[in-house]
Amino acid sequence: MTANSSSRAAEPSEDQQQAGRREVFQYALRRFGVYLFTLWAAITVAFFIFRLVPGDPMNILLGNLTRAEGRQRDAEAAEAIIAHYRQIFGMDEPLPLQYVNYLRKAVLGGLDLGPSFVEYPAQTKDLVFRRMPWTIGIFTTSVLLAWIVGTGLGALIGWLQRSRLSKLAVVISTLLQITPVYLVALGLIIYVGYTWRILPAGGPYARHLQPEWTWEFISSLLTHAVLPMLSNMIVIGAGFTLGMRALMISVLGEDYLTFARAKGLSPFTILKDYAFRNALIPQVTALAIIVGATLNGTFIIEVLFQLPGLGTLFVQAMGLRDFNTMQAVVLFSIFAVLTLTLVVDLALPLLDPRIRRTA
Amino acid sequence: MPALLEIRGLSAGLQGRRSVTQVVSNVDLDVRSGEILGVVGESGCGKSTLATAIMRLLVPPQVLQSGSMTLRLNKGSSYDLVKLSESELRELRWRHLSYIPQGSMNSLNPVLRVERQMTDTLIQHGLSDKEARSRAIAALELVNLEPKILYSYPHELSGGMRQRVIIAAAVSMRPALIVADELTTALDVVTQRQILQELIGIRDELGATIILITHDMGVVAQIADRVAVMYAGKIAELGTVNGIFETPLHPYSQGLIGSIPRESGQRVEGLLGEAPSPWNYPTGCRFHPRCPKVFAHCRAQTPALQVQASDRWAACHLYDAEVAADA
C-alpha cells in the first residue's frame, strides 16, 4: 500500500462527519429546552414569592400619597383609592388569574411586565432596560476578566506547585477568596477612594458631566468603573485561581501526563495540550456556576458605589413592595445568567469530545 | 556482546520528611539487546518503581538515590541515564527509549484525537507532519489497527484498542528499548494473548529490546526470554525462562512457580505470609520470615546476587557454599 492511498483510507467518512454534526445539534437543542424551562420556573417562583412578602404595596402607595398631600383621608376614601389602584395594577383578581395574565402579557404582549407601581405609568421593562447596561457592563466584564486572570494564574501556580512563590500565592488567594465582597468594596472606597484619593469611588461618572460621546465623559466613566470592577474581580478572581490550581494539580497526577513526559514532549507542549486543556473543562463549568452565584454580589457593589444599575433599582423597589419592578429585575438577571450559562454549556463540547455523546 | 542496558547499584525510594524509604535496593541488571526480559514480583515489590526509574520518570516524593544505568546504542554511543539532564532525556525518550505505562486505560489524553497524540512527539523529534502521519499509520498496522483510528478520541476506543494505540505510539520511532509496565493487566485473556503476540512480532520486526514488568507468571512464560524475579525491592533470581521454570533456585521463585496451577487434581502450594512493605523490610535476607528453608545466617546477612550456573543468578545463602556449610 502506498503512503498516498493509506492516507486517503484514513479520512473520516461522510457518514461519520454527518453523525457528529447531528450529535452536536441534538445536544444544543436539548440544552435550549432546559434553558426555556428554567426561565419559566424562575418567573413563576419570583411571581409568588414576592407576593408572600409582608406589607401591601397599595398601603405604601397610599401612605406616600398622604405624605405628599399633607392631609388625612377618612377610611372610606382611602378604601376607594386603594381599590382603584388595585384595578389599575390588575390586583383585584384572584392570584392564579393574575399569574396567568402576567405570563400571557409577558410572552404574547412583547415582554409587557406591567407598569411600575412607583413610577406609574412607566413600564418596568423600560426601567430595567435603562439600568441594565450598568449591571451588565460591570458584572460581565469583571467576571470574565477575573476568570481569565484567575485561570491563567491558577494554571501557573498549579504547574509550579512546589515552588515557594506558588505556595505564597495560595495563601494570598485563600485570604482574598474568603473576604466578603462588600468588605473589599468598602476597603477600596475608604482607602483608594477617600484616604488616598487615587480613583473616584462613587457614582457612575463625574457629577458635572452628561452622557455623550466625548473623551472626557468616557474617561470619567472608565475611571469610575475601576473600583467597582476591581472589588468584584479580586474576590471572584481569587476563587478562580484556587479552583484552577486544584484542577491543574489533579490533572498533573493523571496517567496521560506521565505518558506525555515519557514521550519526550517539551514542557510547554505538555502544559498547553495535556495539562491546561484538560483542567480547562471543569474550569469553564465553574465559570457558569460562579456567574449565577456572584450576581447578587454585584448588586451590593452597585449600591455601595451608587451606580444606577439593576441592584439599586431592586433595592428601591423592595422598599415599596413594587412587585412588578422586582419581578422584572429578577427576570432579567435570571435571563442574563441563564444565557451566559447556555453559552458556556454550548462551548463545552468544543473543549471536551466526551460530552458530545453523553449529554 | 555488552548489554544494551546495564543497571548497577540502582536504588530508589520515597522521600519522607527526614529520611528516604528505600523501595528499590541496589539492583544490578543487564538487559541484553533483542531480548524480552520479564520482571516479575508481587504487588509492592518495586517493579513499577524500577520501570519508572529506568525511564527517569520518578516524581516527588519518589527519588532516585544512587546507581548507574548505561544505555549502549548500536552507533556506539552510550549514555548514563542517571546523569542525563531533563532536556537530554527528552531527546532520548521515544527515539531510543520508550514506555508503555501501567494503567494504559488512562494514558491517552481524553481531549485530543489519537492522531495528535501519536504525531506530536514525532514532530517534536524532527519529523515532518507527513512523515509523522505515515509513521503513525505504519505503527498502527503493526498492532493490527486500521488507520482510521487516528481520527478517534480515546473514549471511542475499547480497552484493547487503547492499549494497542499506546503500543503503536511507543514503537513509532523504532526505539532500541521499550519498558512495558503491566502491559496486559486490565485486559481479558483473549485480547491479552493477541497483544502479547503482537509484542513478539514487534520485537522480531524492529529488533527492539523489551523489559516487561508484570505480576503474571503466565505472561512471562508466554513471551519472555529471561526473567528477573523481584522480591521486596531486590532481585532474588535471574535466569532464562526455561531454567527458572524448570529448576527455580531461590525459595521465593520456588514458591512462585509452585503456586501456578499445573495439572488437574494437583493442589496448588501457596507461599505463606505476605510481602513486606518498604517501611518494614526485614534485615538480612528480606525473604527470611516467609522462607521455608530459613537458617540463622539468613536473619543477619544479606545475600548477594551471585552466579549459580550458566546464565543464572540467585541471591540466596543456600547456594553460598561456606555459609551453607556452617548451618
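The values are calculated or read from the model by the stated rules, or taken from the named source; none is laboratory data. Nothing here was measured: the structure is a model prediction, and the numbers come from that model. Heads up, the Cβs are rebuilt from the backbone with ideal geometry, glycines too, and the neighbour counts pull from every protein chain shown.
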field: helices (runs of 4 or more DSSP H) contained entirely in the stretch A:310-359, each with at least 1 residues that are touching a Leu at 6+ places or on another chain (Cβ under 6 Å) and within 30 Å of residue A:64 (Cα to Cα)
entry: A:323-351
- line: Considering the stretch A:102-122, residues that are free of Cβ contacts under 8 Å to residues at least 40 places away in the same chain, of a type in the set (A, V, I, L, M, F, W, C) and assigned to a loop (DSSP other than H, G, I, E, B), and then whichever is surrounded by the fewest Cβ atoms within 10 Å (Cβ to Cβ), we arrive at A:122
From the options B:203, B:133, residue that is more than 10 Å from chain A (Cβ to nearest Cβ) and of a type in the set (Lys, Arg): B:203
message: Looking at residue B:204 and the list (1) free of Cβ contacts under 8 Å to residues at least 40 places away in the same chain; (2) more than 23 Å from residue B:30 (Cβ to Cβ); (3) acidic (Asp, Glu), which single condition is not satisfied?
response: (2)
task: From A:182, A:256, A:205, grab the single residue that is among the aromatic types (Phe, Trp, Tyr), surrounded by 15 or more Cβ atoms within 10 Å (Cβ to Cβ) and within 30 Å of residue B:61 (Cβ to Cβ).
output: A:256
query: When residue A:268 is evaluated against the numbered criteria (1) outside any helix (DSSP H, G or I); (2) within 14 Å of chain B (Cβ to nearest Cβ), which criterion, by number, is the only one it fails?
result: (1)
message: Can you tell me which of (1) crowded, with 20+ Cβ neighbours inside 10 Å; (2) closer than 21 Å to residue B:48 by Cβ is the one residue B:277 doesn't meet?
response: (1)
Restricting the stretch A:199-233 to residues that are assigned to a loop (DSSP other than H, G, I, E, B) and closer than 24 Å to residue A:143 by Cβ, the residue that is nearest to the chain's Cα centre (by Cα): A:204
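Considering each of B:14, B:92, B:29 in turn, give the residue that is closer than 30 Å to residue B:126 by Cβ and either in contact with a His (Cβ under 7 Å, 6 or more places away or on another chain) or modelled with pLDDT under 95 (or both).
Values: B:14 fails: closer than 30 Å to residue B:126 by Cβ; B:29 fails: closer than 30 Å to residue B:126 by Cβ.
Answer to the check: B:92.
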- request: Go through (1) surrounded by 19 or more Cβ atoms within 10 Å (Cβ to Cβ); (2) within 8 Å of chain A (Cβ to nearest Cβ); (3) closer than 22 Å to residue A:273 by Cα one by one and return the number of the condition residue B:147 breaks.
  value: (3)
- prompt: Hey, residue B:119 hits all of (1) hydroxyl-bearing (Ser, Thr, Tyr); (2) within 10 Å of another protein chain (Cβ to nearest Cβ); (3) part of a helix (DSSP H, G or I) but one; which does it fall short on?
  reply: (2)
- prompt: For the stretch B:50-70, which residues satisfy the criterion of being within 13 Å of chain A (Cβ to nearest Cβ) and either in a loop (DSSP other than H, G, I, E, B) or under 10 Å from residue B:24 (Cα atoms) (or both)?
  reply: B:53, B:55, B:56, B:57, B:58, B:59, B:60, B:61
field: Verdict on residue B:108 being over 27 Å from residue B:186 (Cα atoms), part of a loop (DSSP other than H, G, I, E, B) and either within 8 Å of another protein chain (Cβ to nearest Cβ) or not hydroxyl-bearing (Ser, Thr, Tyr) (or both)
entry: no
message: Based on this model, can you work out whether residue B:90 counts as among the basic types (Lys, Arg), on the phi < 0 side of the Ramachandran plot and at the interface with another protein chain (Cβ under 7 Å from one of its Cβ atoms)?
response: yes
